[in-house]
Structures are given as C-alpha cells and as structure tokens.
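Below is one structure; the comments refer to it alone.
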Amino acid sequence: QVQLVESGGGLVQPGGSLRLSCAASGSIFSINAMGWHRQAPGKQRELVAAFTSGGNTDYADSVKGRFTISRDNTKNTMYLQMNSLKPEDTAVYYCKAIVRTTRNSPEYQYWGQGTQVTVSS
C-alpha cells in the first residue's frame, strides 16, 4: 500500500505565497508520474501542475508563472510553491502519484487526502 500525505495548506491573503508538500510512503518501487490537482466548491477537479512520465513538467494556464512544481526523489516528496495567490486559487489541493510497487507490477494511481488552500483578505 502507498500513502500520500499533503501538508502546507492554509489561509493566505491575495498576493501571498504558500508551499505545499506531498510525501509518498509505503511499498514504492518507482514513482512514474506525480502531480497536483485542485477542486474548488461546485467545480470539477482540475490539474494544477505535474511531472509527466517523460520527466517533463505541465502547468495549467491559470497558474503558469506563479506556481512551481518540484520534487526530491531521495525523499519521495513533491512540492508546489504558490506565489501571487488569487482568490480563485481557493480550493482543496490533492497530490496524485502513479506508482509501481514492484519492478514487474502494473502502475497504480494513488491520491492524497487533500489540503485546503484559502485565499482571502
């Protein structure tokens, strides 16, 4: 089993910054892709930023230039630095990982429990 634990959410004023973390643990052979999604009230979950299986990064147009995704492979941890936050960034932010639990296992998708980010004055 694999666990993803997010942290770093909170309340911040418009224009402020937050840094989210997602720590993966458990039976991990390899993490083939990892990313951040968010879901605002009444809206569908959407991709925010991700590392693709090819090693590239992908960002939603709405966060380009403001958010930066990074990872520490030695710690199986991913980060999302969020700058110049706007009220429309308010959402629950979820970590997702595509994981192989052994060398020959299929890929499995895991989600974290989410962390609330609220941007308000």
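If R0 is 30 Å, what FRET efficiency do you get for Asp61 and Tyr108 from their C-beta distance, rounded to 0.05? After rounding, the FRET efficiency stands at 0.55. Using only side-chain charges placed at the Cβ, +1 for Lys and Arg and -1 for Asp and Glu, the dipole size of the chain relative to its Cα centre rounds to 120 debye. Put a dot 7 Å past the Cα of Thr74, heading toward its Cβ, do the same for Gln3, and the two dots end up 2.4 nm apart.
Listed by chain and number, the lysines placed with their C-alpha closer than 19 angstrom to that of Lys75 are Lys96; residues fewer than eight positions away on the same chain are left out.
Between Arg19 and Thr52, take the C-beta separation as r, use R0 = 22 Å, and let me know the FRET efficiency to the nearest 0.05. Once rounded, the FRET efficiency stands at 0.50. Normalised by the number of residues in the chain, the mean separation of alpha-carbon contacts (under 8 Å, six or more apart) gives a relative contact order of 37 percent. In straight-distance terms, cross-link reach from Lys86 covers every one of the lysines whose alpha-carbon lies under 22 Å from its own, apart from those fewer than eight places away in the same chain; here that gives Lys43, Lys64.
Bear in mind these aren't lab numbers, they're just calculated from the coordinates by the rules spelled out. Since we're looking at a predicted model, the values are computed, not measured. Here the Cβ is made from the backbone with ideal geometry for all residues, glycine too, and neighbour counts use every protein chain on show.
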